[in-house]
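The values are calculated or read from the model by the stated rules, or taken from the named source; none is laboratory data. Computed from a prediction, not measured in an experiment: that's the story for all the values here. Here the Cβ positions follow ideal geometry from the backbone for every residue, glycine too, while neighbour counts run over all protein chains shown. These area figures cover heavy atoms from the full protein model, side chains too; ligands, DNA and RNA do not enter into them. Shrake-Rupley method; radii C 1.70, N 1.55, O 1.52, S 1.80 Å.
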Amino acid sequence: MAAQTVATETVASAPAVDAVDLGPASGLSCRECGAVVPLGPVFACAECFGPLEVAYDLPVGDPEALRKQIEAGPANIWRYAPLLPVPADVAEKPNLNPGWTKLVKADNLGRELGVAEGKLFVKDDSGNPTHSFKDRVVAQAIEAARAFGFTTLSCSSTGNLAGAVGAAAARAGFRSCVFIPHDLEQGKVVMAGVYGGDLVAIEGNYDDVNRFCSELIGDPLGEGWGFVNVNLRPYYGEGSKTLAYEICEQLGWQLPDQLVIPIASGSQFTKIDKGLKELIKLGLVEDKPYKLFGAQAEGCSPVSVAYKGGHDVVRPQKPTTIAKSLAIGNPADGPYVLDIARRTGGAVEDVNDEQVVDAIKLLARTEGIFAETAGGVTLGVTKKLIEAGQIDPSLTTVVLNTGDGLKTLDAVADSSQATATIRPNLDAFREAGLAADL
């Protein structure tokens, strides 16, 4: 299978980097041909152009001791430092320290969807410092940026990543310069710009932004720049594994039976699978089957289309959806998402914008969680797959909410207005019919 990578024209062998301390990380291995190179700021294999990912010398041998070490760690992703490409003293460095977000037992929502009591959970990552899961991946990338001597932190972003990079760079003392599509939601623009770094809007969609960044990283203008989702991508992606670690630990060190995960580039989906497999290998959880389900918006559903068509090739699309954080028309990890969904017995599905809005309001009404549009996509797909009989309502199911609805207010603004506007007296209250149950 031909690998799809971000900016495959920018490929190089790993530069010599002396005395890099990234904990248990032992090198970078190619996901396609298996070639191994030293740790460095590269993301594509010089042999076959396949994507590189972090390889480890993991602490195998005593699962109970490792479990106790993790449980005694800080209430953030650094409790898993022995399993991540970070130095042992990472918790002492200036960082936003994301993670350890709530796993909400969603029985009210479960009753609406016909799921058995105690079997449906929402992993609510809106509780991170900049209110999205992107804080996890940026925290990882910034440690690699430190190790490789970068001075500027950058990214191409559909919104959440731009804010996460801006905040993390400010905290860690890096300059930041981030690039976004010109028509991003205003809430995300403000959140990316408030941290004082440079925010550059590119005329076009995310894929146009990504292509521009590919040119910049290969130009002398990009010297000293760490692009978290390009030349730091192998390390950046490892942050998503911490979602898998936390979910299993919060379930009492057990694998969930079913997970529903939003798909943009597809990296989060693949890294959650990697994290689950690592926990099994280390003996931290009992090995059992699990299914991974991918969620896309109908207006940007290249992976879903490929899955339902039985294809191995993911054909790019031009995004047209309110779920702009998922609007990546040419997802780098799309083929690997297909492999994992099929291997685990899961699926990849999509929902339209109306279903996205309905799902946002359903989650808010039942569990008091205000999800951004990506969360609406994920819950909408969950509902659709339950109704189709593809998700078993009797099994433990975890749905990911990866961001805060305050970032995408426009999606629900028209249908979430004041119930009534009245004069400030009891007669007006009665006349409005609001006292019926009093």
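Things worth noting here:
- The Cβ shell under 13 Å around Lys123 holds other residues with a net charge of -2, Lys and Arg each +1, Asp and Glu each -1.
- The accessible surface of region 18-100, taken with every protein chain in place and a 1.4 Å probe, is 49 percent carbon and sulfur.
- Across region 170-328, the mean sequence separation of Cα contacts (distance under 8 Å, 6 or more residues apart), normalised by length, yields a relative contact order of 17 percent.
- Per residue of the chain, the DSSP helices (runs of n ≥ 4 H) give a summed -39500 (n - 2.57) that works out to -10500 deg cm²/dmol at 222 nm.
- The phi-based Karplus calculation (6.51 cos²θ - 1.76 cosθ + 1.60; θ = phi - 60°) puts the 3J(HN,Hα) values of region 205-220 at 9, 4, 5, 5, 4, 5, 5, 4, 5, 4, 5, 5, 5, x, 10, x Hz, whole numbers, x for Gly and Pro.
- Label-zone membership for region 20-43, site Asp57, 7 angstrom Cα→C-beta point, backbone N under 18 Å: 20-29, 36-40
- The phi torsions of region 158-173, fed into the Karplus equation with coefficients 6.51, -1.76 and 1.60 and a -60° offset, translate into couplings of 8, x, 4, 5, 4, x, 5, 5, x, 5, 5, 5, 4, 5, 8, x Hz, rounded to whole numbers, with Gly and Pro shown as x.
- Distant-in-sequence amide contacts of Arg175, defined by a placed amide H-H separation under 5 Å and a gap of 5 or more residues or a different chain, comprise Leu153.
- Amide H within-cut-off set for Leu28, under 5 Å, with H built and near neighbours excluded: Val37, Leu39, Ala55
- Considering only Val228, Val313, Val260, the Gaussian network model of the chain with Cα springs below 10 Å gives its largest mean-square fluctuation to Val313.
- Of Glu286, Glu367, Glu53, the one that fluctuates the most in a GNM where the chain has Cα springs shorter than 10 Å: Glu286
- Within-13-Å neighbourhood charge of Ser416 [Cβ basis; K, R +1; D, E -1]: -1
- For Ser394 and Glu203, the difference between the fully extended length at 0.36 nm per residue and the C-alpha to C-alpha distance is 64.0 nm.
- Stokes-Einstein diffusion coefficient of region 301-385, Kirkwood radius over Cα pairs, 25 °C, 0.890 mPa s, in µm²/s: 182
- Spin-label model, Ala91 to Val313: label points 7 Å out along the Cα-to-beta-carbon direction sit 5.0 nm apart.
- 20 Å binning of all Cα-Cα separations within the chain, expressed as whole percents from 0 upward: 27, 59, 13, 2
- Theoretical FRET efficiency, 1/(1+(r/R0)^6), r = Cβ-Cβ of Arg365 and Val305, R0 35 Å, to 0.05: 0.70
- Taking 0.36 nm per residue of separation and subtracting the Cα-Cα distance, full extension of the segment from Val20 to Gln69 would add 15.2 nm.
- Taking amide H as placed 1.01 Å from N in the peptide plane, Val348 has its amide H under 5 Å from the amide H of Gly294, each at least 5 places away in sequence or on another chain.
- Here r is the Cβ-Cβ distance between Lys102 and Leu221 and R0 is 60 Å; the resulting FRET efficiency, rounded to 0.05, is 0.90.
- Across region 35-41, computed HN-Hα scalar couplings (Karplus, 6.51 cos²θ - 1.76 cosθ + 1.60, θ = phi - 60°) run 4, 10, 10, x, 4, x, x Hz from first to last residue, x flagging Gly and Pro.
- With all protein chains in place and ligands, DNA and RNA left out, the 1.4 Å accessible area ranks Val399, Val357, Val194 as Val194, Val357, Val399, largest first.
- For region 149-189: relative contact order, % (alpha-carbon pairs under 8 angstrom, 6 or more apart): 47
- Cβ-based net charge around Met191, under 13 Å, with every Lys or Arg adding one and every Asp or Glu removing one: -1
- Using C-alpha pairs under 8 Å with a sequence gap of at least 6, the mean separation divided by the residue count of the chain gives a relative contact order of 15 percent.
- Area accessible to solvent at Ile322, 1.4 Å probe radius, in Å²: 50
- Accessible-area composition of region 253-333, carbon plus sulfur, in percent [1.4 Å probe]: 49
- When the residues Asp21, Asp125 are ordered by accessible surface, computed with a 1.4 Å probe over the protein chains alone, the sequence from largest down reads Asp21, Asp125.
- Exposure ranking of Arg233, Arg315, Arg146 by accessible area [1.4 Å probe, largest first]: Arg315, Arg146, Arg233
- Per residue, the solvent-accessible area of region 50-109 (1.4 Å probe, heavy atoms of protein chains only, all protein chains present) comes to 43 Å².
- Cut-off 15 Å (backbone N to label point 7 Å along Cα→Cβ of Asp414), residues of region 345-376: 353-358
- Per residue value of the accessible surface for region 189-347 (all protein chains in place, 1.4 Å probe), Å²: 35
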